[in-house]
Amino acid sequence: MLADALQSDIDSLVFSRRELYRRQRRGEDVSAEIKEISLALRPIRRELKCCQHVADRIPQIQEHIRLTRQTEEQNMSEKTKPKEETVNG
């Protein structure tokens, strides 16, 4: 699933950034690399959030489709049902 792949990418980048933070605490100048990773994380996180919103809406959409089909079936059965004529007597 796409969300799993995105989460895997995020985890990998966060792990790399964590290592860079450790190196930075030891005095190395890795701020450019940290910034690069942080910038790369933004669109991936945004896409993951979008995937999660879509996944959350799936049950609502399925219910809407079910209701629409049910309504269409009722309309079709009413159209094909012969009309009964009333006899005045």
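The values are calculated or read from the model by the stated rules, or taken from the named source; none is laboratory data. Here the structure is a predicted model, which is why all the values come from computation and not from measurement. Virtual Cβ from ideal backbone geometry, glycine too; neighbours counted across all protein chains shown.
Listing for the model above:
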quantity: All positions within segment 32-60 that are of a type in the set (Asp, Glu) and surrounded by fewer than 12 Cβ atoms within 10 Å (Cβ to Cβ); calculated: Asp56
quantity: Complete set of residues in segment 1-22 that are acidic (Asp, Glu) and in contact (Cβ under 8 Å) with a residue 24 or more places away in the chain; calculated: Asp9
quantity: Boolean, Lys81 is at pLDDT below 95 and either out of contact with any Cys (no Cβ under 8 Å at 6 or more places or on another chain) or surrounded by 10 or more Cβ atoms within 10 Å (Cβ to Cβ) (or both); calculated: yes
quantity: Some residue of segment 23-31 being assigned to a helix (DSSP H, G or I) and among the aliphatic types (A, V, I, L, M); calculated: no
quantity: Criterion violated by Arg66 - all others in (1) more than 27 Å from the chain's Cα centre (by Cα); (2) in a helix (DSSP H, G or I) satisfied; calculated: (1)
quantity: Selected residue [exposed (fewer than 10 other Cβ atoms within 10 Å of the Cβ), at pLDDT 95 or above and among the acidic types (Asp, Glu)] from Asp11, Asp29; calculated: Asp29
